[in-house]
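Trainee: One structure, as structure tokens, below. Some questions next.
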Amino acid sequence: MLKESKTLLANFDKYFLRRYQWRYHLMIVDNHLFDCYTFFLQAQRANEKLLHSYDLLEIPRDEALYQQVLADLQAHTKLSIEFRNTHHLVHPGTNIVHDLEHGHGRSTRYRPETD
């Protein structure tokens, strides 16, 4: 097994706690901005909006390495995997100007400079 796969599985086992009434899924981001693949474990408590996201592994863009790490992950768990690509980012519909859940305690509306 590759060193990267061992690191990924160790991090997965560390954060996948199998808590009662929690939903878990994996997300893999093909990040073209930083030329890498990033693996995340996301956990959400039942009936709550807040999502906990744990960074499991980041590997350089190498298709053979990615396919092997992905195969090792799929052999280790049957959790659903969501794939995202930074070339196809999705706008939330409206600009987010006030979001207390993600650390924006004040408005992020555009404010013109004053002289």
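Each reported figure results from applying straightforward, stated rules to the coordinates on display, with no laboratory input. This one's a predicted model, so the numbers in the text were calculated from it and none came from an experiment. Quick reminder, even Gly has a Cβ in these numbers, built from the backbone with ideal geometry, and neighbours come from all protein chains shown.
Trainee: How big is D for the range 38-79, in µm² s⁻¹ as a whole number, if Stokes-Einstein is applied with the Kirkwood radius of its Cα pairs at 37 °C and 0.692 mPa s?
Mentor: Details: Rh = 12.0 Å.
The calculation lands on 274 µm²/s.
Trainee: Then there is this: Per residue and in cubic angstrom, what volume does the convex hull of the Cα atoms of the range 7-80 have? Walk me through the numbers before you get to the answer.
Mentor: On the way: hull volume 6.6 nm³, N = 74.
So the per-residue hull volume is 89 Å³.
Trainee: OK, next. Counting Lys and Arg as +1 and Asp and Glu as -1, what is the net charge of the other residues whose Cβ lies under 12 Å from the Cβ of Glu4? Could you put the intermediate results ahead of the total?
Mentor: Working: positive: Lys3, Lys6; negative: Glu58, Asp62, Asp72.
Combined, the nearby Lys, Arg, Asp and Glu give -1.
Trainee: For the range 1-49, just say rounded, prolate or oblate: build the C-alpha gyration tensor, square-root its eigenvalues into a ≥ b ≥ c, call rounded for a/c under 1.5, and beyond that prolate if a/b exceeds b/c, oblate if not. Mind showing how you got there, number by number?
Mentor: Details: a/c = 4.42, a/b = 1.46, b/c = 3.02.
Cα axes put the range 1-49 in the oblate bin.
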